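Accompanying notes for the structure given below.
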């Protein structure tokens, strides 16, 4: 039985349906609760709305249909949606104080819309109804947009209430979450109720997901009337019933007998399903698992849950918005979020994968392609940007010709493609520019021609690889959906087949080549593809021809072409390997000649140690190449690796890709797959030990070995895969800009042309749902043999809240001391950097002063055994325990220059800092009660006392300065020596209490706090991590160093302003530093987003 609300919605949907079919705009507005005005806007009145008559060109009329306190209902009739959208955006900019709801009405469609924004981005929330295909969900959503549905009372004014209400009705995020939840639920049901399928849970999930994805595609097909002309084809077939299950009766023959088979070749069962298009294989080709388990099936009741319970409750819109507009319907863009959630939702921490917001994807693609056009066509930056937005009116004929040629040559790769967000954005940009160039040239193409050009754009320009086969399959699906949206409504028999994409979107590990595995076995040298050898033009042309034919092939021809294409790919790889083998042999001959050369006395010179090492590496590589050639000959493939040269030989043989744009996995070394972690370390320079020149002298060392993030390796791999002059635009964890484990990446980037850095780690708007700190880096590859080029400087953008600061900086000046490649970068404004440099000019790095050793506090490994609450009563009496108790200081206890609170620690350590071998019986009994937990500590050593502690040093109980590892600012406290710093505290031992007070005053000075703030690793809420290396890199005035060494006059350094004076800073300078750190107004240029 329906509730009153449900009955009201059903009644409202009927009223909307009647009005749309009759074209009664004003009648519907009145029924929905608008106060009808019905005033047409034309002539001079347009100016009040920020318009002129040319803005309405091609449109029948613009009308104020309804009015209310703080809101208006506007209607546009006729013309194109693009023209109507432009009018809406323009009027919204003029009338920001009024909530404007728009209806665009034409013969085929009605659209309800509202212009909205985030920061500087403007987009349109919209709801679309097709006049000849009205659906219950869409009609109910339209009815809900009326003012009679608005709940007042919780916001100021009806205008704001209306704005919020319409935003909620047209909210795609809510629809996305609902669809994701229901999709996940029925996917689990398909896995659980599968009959006649595999027993393995992972394989069952793979089969169920593949089946469900096909059903998703069916709903997009039927939304275009492509399934027997019926826009509710699937649910009608389910409800018809019949002999056998729904899967075997309808879905299986639909998938594998109709949609993947030309009409003339279909059997009787498939022909009985109606007029259906031929879509080729790919998605609708039975997988090896489905061929193996021919008895695969599901109960009809489960399909009722899937179809009736999920898919029929959502609207499917097979359209793609190039402007980033939102609609409360399932569209191809929303599927990207759903698919990413399905793949990574429960394992983001392990996979390091995050869905990249559309606007970020768009900017990254435009930046990468814009730089490409500047180089290839000679366009200025603004002209390139306008061209990519589809505005080519300001370009001359020669520039337009150059633009078309450049865009039809570009080759774009995403080596961690996920579900294809970047490739889809590139496709949209290429289509937009191609269409704009056609319009400028007066070229009018048929729908079939436009579809064919889109197919060529995908086949010739887009490449993607991902280690997860499911991601690749989802990317294929999204590209097919994009192609579907490019088609006009066509009869089923007239729809062109979808292209095969498996040779452009591949499953594999981008970080490893098969040859890398061979090299790893013999520990040889790794070389980039471009250094491996030459490839014949004939081989590349043959491969390109086969790939072109394979794209549109089907059936036996497709299988034969795949075999021929794979053989051609192996041929290209073989040529490269053979070329490298010849090169090595020639080099070995030269080394043999050097080794056998004689001196003036006729004695052999031989090779020195370094020369012998080079020859040995060549010999090992020769063995690896020979093994790879044998593997290739015998058809052996390492599933772990992906052969770019073999699979994308046509691109690699011409030097590499023009653009790599990617959001690679963010995975720390501690969470990387152990199987390949060692290979990565041997393979990539960014994982090599060592920091930067001068790091050791500053007391900074990488104490935990190579902890490089997987994302850094993807950047290095991307640079290898680019041609000289190509670009990589990557979304990375911002920590690689500053952390010690990012030093290898920073050294590598310094060898190329870093064009832009955008640090979004402290932006007000979170980029991802998870707590992450992202940055975008754009780098242009410089060939090793290229002559040094004068850099235009790095364009830096740093977000603080909703403001972004922009400045230009030479890459060498990014480092904290500006002295060596690999130093942690400090991205601060020019006035702040100038003050840092002034401070450094009279300073030495604290870690290089030779006075203080910065250490981390004591680690117990089991606080429950060592730390006592204030109320705890020691067993055996307090007098027995008293000599073994100390005050313990954790990070939270330090604040405002003093220790606040703290706990008591059992301290079984003698005066020389060694763990005591025996304790009073009551204390030993106490630890005995924690034996199991103490023995399971990761650092526990057998044969040592049960109460052993870790990170013990002689200075831990002497005079010292302590600070929390995490805080809004560096906050240090002087200690006479009684307190024991715990694991969340860092400390520096000193010689006296006076030195402790002076050193604490130094660390708490405004100038030093500001440097630490700029350098420290970001944490939630604009907090910073004050690691030991951060403090070691702080500048300490030479005058203070000399005073400490002399042990005299330390009292004056405790005075406020003493260190600023030593640094040569004025009061105004300190204000600039404080303004940067605290986000207050200061003498810098700010741009409000």
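The values are calculated or read from the model by the stated rules, or taken from the named source; none is laboratory data. Only a predicted model underlies this, so the values are computations on that prediction, with no experimental measurement involved. Glycine gets a Cβ as well: all are built from the backbone with ideal geometry, and neighbour counts include every protein chain shown.
Tabulated data
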quantity: Among residues of segment 71-83, those that are touching a strand residue (DSSP E or B) at 6+ places or on another chain (Cβ under 8 Å) and crowded, with 17+ Cβ neighbours inside 10 Å, counted; calculated: 8
quantity: Segment 39-70, subset within 21 Å of residue 142 (Cβ to Cβ) and modelled with pLDDT under 90, residue surrounded by the fewest Cβ atoms within 10 Å (Cβ to Cβ); calculated: 67
quantity: Residue selected from segment 864-910 under the condition at pLDDT 90 or above and part of a loop (DSSP other than H, G, I, E, B), by the criterion nearest to residue 972 (Cα to Cα); calculated: 890
quantity: Residue list for segment 175-209, filter: within 20 Å of residue 304 (Cβ to Cβ) and modelled with pLDDT under 85; calculated: 178, 179, 181
quantity: Those helices (runs of 4 or more DSSP H) lying entirely in segment 360-479 with at least 3 residues modelled with pLDDT under 95 and within 18 Å of the chain's Cα centre (by Cα); calculated: 421-441
quantity: Residue among 970, 999 that is touching a strand residue (DSSP E or B) at 6+ places or on another chain (Cβ under 7 Å), in a loop (DSSP other than H, G, I, E, B), closer than 30 Å to residue 1073 by Cβ and at pLDDT 90 or above; calculated: 970
quantity: Some residue of segment 979-992 being in the same structural domain as residue 861 (by TED's automatic domain parsing), assigned to a loop (DSSP other than H, G, I, E, B) and modelled with pLDDT under 90; calculated: no
quantity: Unmet requirement for residue 518, which otherwise passes all of (1) modelled with pLDDT of 65 or more; (2) surrounded by 19 or more Cβ atoms within 10 Å (Cβ to Cβ); (3) part of a helix (DSSP H, G or I); calculated: (1)
quantity: Number of the exception - residue 1075 against (1) modelled with pLDDT of 95 or more; (2) in a helix (DSSP H, G or I); calculated: (1)
quantity: Helices (runs of 4 or more DSSP H) within segment 294-351 that include 1 or more residues modelled with pLDDT under 70; calculated: 332-344, 348-351
quantity: Which numbered condition residue 231 fails, given (1) crowded, with 19+ Cβ neighbours inside 10 Å; (2) part of a helix (DSSP H, G or I); (3) over 36 Å from the mean Cα position of the chain (by Cα); calculated: (2)
quantity: Conditions (1) assigned by TED's automatic domain parsing to the domain that holds residue 972; (2) without any contact (Cβ under 8 Å) to a residue 40 or more places away in the chain; number of the one not met by residue 837; calculated: (1)
quantity: Pair list, Cβ under 6 Å, 6 or more apart: segment 890-903 residue closer than 15 Å to residue 1004 by Cβ, other residue in a helix (DSSP H, G or I); calculated: 899/893
quantity: Condition check for residue 1064: surrounded by fewer than 16 Cβ atoms within 10 Å (Cβ to Cβ), within 19 Å of residue 896 (Cβ to Cβ) and touching a residue at least 12 places away in the same chain (Cβ under 8 Å); calculated: no
quantity: Checklist (1) over 30 Å from residue 409 (Cα atoms); (2) assigned to a helix (DSSP H, G or I); (3) at pLDDT 70 or above applied to residue 606, failing item; calculated: (2)
quantity: Number of positions in segment 749-760 that are out of contact with any helix residue (DSSP H, G or I) (no Cβ under 6 Å at 6 or more places or on another chain) and either crowded, with 23+ Cβ neighbours inside 10 Å or in a helix (DSSP H, G or I) (or both); calculated: 3
quantity: Failed item, numbered, when residue 1084 is tested on (1) outside any helix (DSSP H, G or I); (2) modelled with pLDDT under 95; (3) more than 32 Å from the chain's Cα centre (by Cα); (4) closer than 22 Å to residue 815 by Cα; calculated: (3)
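Table: residues versus (1) touching a strand residue (DSSP E or B) at 6+ places or on another chain (Cβ under 7 Å); (2) surrounded by 11 or more Cβ atoms within 10 Å (Cβ to Cβ); (3) under 12 Å from residue 982 (Cα atoms).
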residue	(1), (2), (3)
891	yes, yes, yes
910	no, no, no
926	no, yes, no
937	no, yes, no
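For every residue, the table says whether it meets (1) in contact (Cβ under 8 Å) with a residue 12 or more places away in the chain; (2) buried (at least 16 other Cβ atoms within 10 Å of the Cβ); (3) within 23 Å of residue 69 (Cα to Cα).
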{"residue": "99", "(1), (2), (3)": "yes, yes, yes"}
{"residue": "109", "(1), (2), (3)": "yes, no, no"}
{"residue": "114", "(1), (2), (3)": "yes, yes, yes"}
{"residue": "117", "(1), (2), (3)": "no, no, yes"}
{"residue": "123", "(1), (2), (3)": "yes, yes, no"}
{"residue": "129", "(1), (2), (3)": "yes, yes, no"}
{"residue": "134", "(1), (2), (3)": "yes, yes, no"}
{"residue": "139", "(1), (2), (3)": "yes, yes, no"}
